[in-house]
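Written out below as structure tokens is the structure these notes cover.
Nothing in this text is a laboratory measurement; each read-out follows from the coordinates by a stated rule. What you are looking at is a predicted structure, and each value in this text was computed from that prediction instead of being measured. All Cβ positions, glycine included, derive from the backbone under ideal geometry; neighbour counts span all protein chains shown.
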Amino acid sequence: MQVLTSRLDAAKLFDIQTYQYSEVLYLADTVAAGTEKLGRVAISNLGHFFCLYVTGSMTTQYDLGAGATDTGIDYLRGQLRDGSNNRPLFSDFVPLHLLLSPGRRKSLAAVGADSQTLFYPLSFEYLFPANSDILLNVKNDANVPNSYSIALHGVRVLAGASVRGA
Amino acid sequence: MAVVNVDSQAETMPYFFYRRVAVVAPEMLVSFDVPLGFTYLLKRIVSTWDTTDAGATFLSPQVLVEVIHDAKSRYLQPVPFPLALETSPAGAGVLWVNVAATAVDQDAYGRSLTAKPRKYQRTRNYLFEFRSALRFRLSGMTIVGAVADNNHPSYIDILTEGRLNADRQRGDLWR
């Protein structure tokens, strides 16, 4: 049980939430076999997005001759960029399993346990400006399509006076 | 509640160095250069490597690591120690060798590893000045050559999580 030791000031909290509030941006895409694809999520003109954590998962499909099957191997690698200035935030394409929790999205037909038993969101503190994109360039080394889905957890900071009404 | 102003162009930003290293010798050096004009705060090291051959025979290569601040020739540990004690997921299982050339991997070098994601990491919090390098000296490895064509070594993935800090005290760089 969590005990609150101070009274919550609803008026003050609502006032703060007028300007900034918790938000999750979601990016999901499928990358065709042996190709590269640029995924993007728009920050929009609503306000800046201060990212705090990244979570995500991906499929691990490959065709060994009998159709796509879940091999448990990570075929996806990606590079994150700040779309406002095309600034790379990784030095190279990083295998997604090194970044994402819970990671592998297991197919029902696949044997073996899930590779992730605990949940450790990646700490990633970065301010993405309004009117820009978060870019994730992903390469798929498999001979079948693979998908990924990523959630960016952070705080929306409203940008302009017109939006804030101030 | 205080208002915090964030300078998105000059404050710190997350930056991850990554390299896949082919194990071609029992002792190897891996270096990451800190970009000019930035210092680099190393937060965490995430690493993985294959522990089986193509026949799923468990080989369990041991990997020892020494983290070195090269500008000062400073070793961040007195003796090499197992990389598995520094990082997760460490040994990852299968090295994928059924690789065909693709548009994004024309030489079929993408020898992917088992998707065994990161778990809890301990934090280093060590600062490297600009124009220095993070250096990893890997040793103690059993070379796994028994993959499908018997010609390719195994691989070690090294990812460093950290933050680049604009070194604004070096004013000439920013004027």
From the mean inverse distance of alpha carbon pairs (Kirkwood) and the Cα radius of gyration, derive Rg over Rh for region A:21-161. 1.01
For chain A, build the charge dipole from Cβ charges (+1 Lys, Arg; -1 Asp, Glu) around the Cα centre, then report which of A:Leu135, A:Tyr62, A:Phe14 sits farthest towards its positive end. A:Phe14
Beta carbons within 10 angstrom, averaged per residue: use that to sort the peptides A:132-144, A:7-19, highest first. A:132-144, A:7-19
Can you work out ³J(HN,Hα) from phi for every residue in region B:68-74, in order, using Karplus 6.51 cos²θ - 1.76 cosθ + 1.60 and θ = phi - 60°, giving whole Hz and x for Gly and Pro? 10, 8, 5, 5, 10, 6, 9
10 Å Cβ neighbours from other chains, averaged over peptide B:15-28: 3
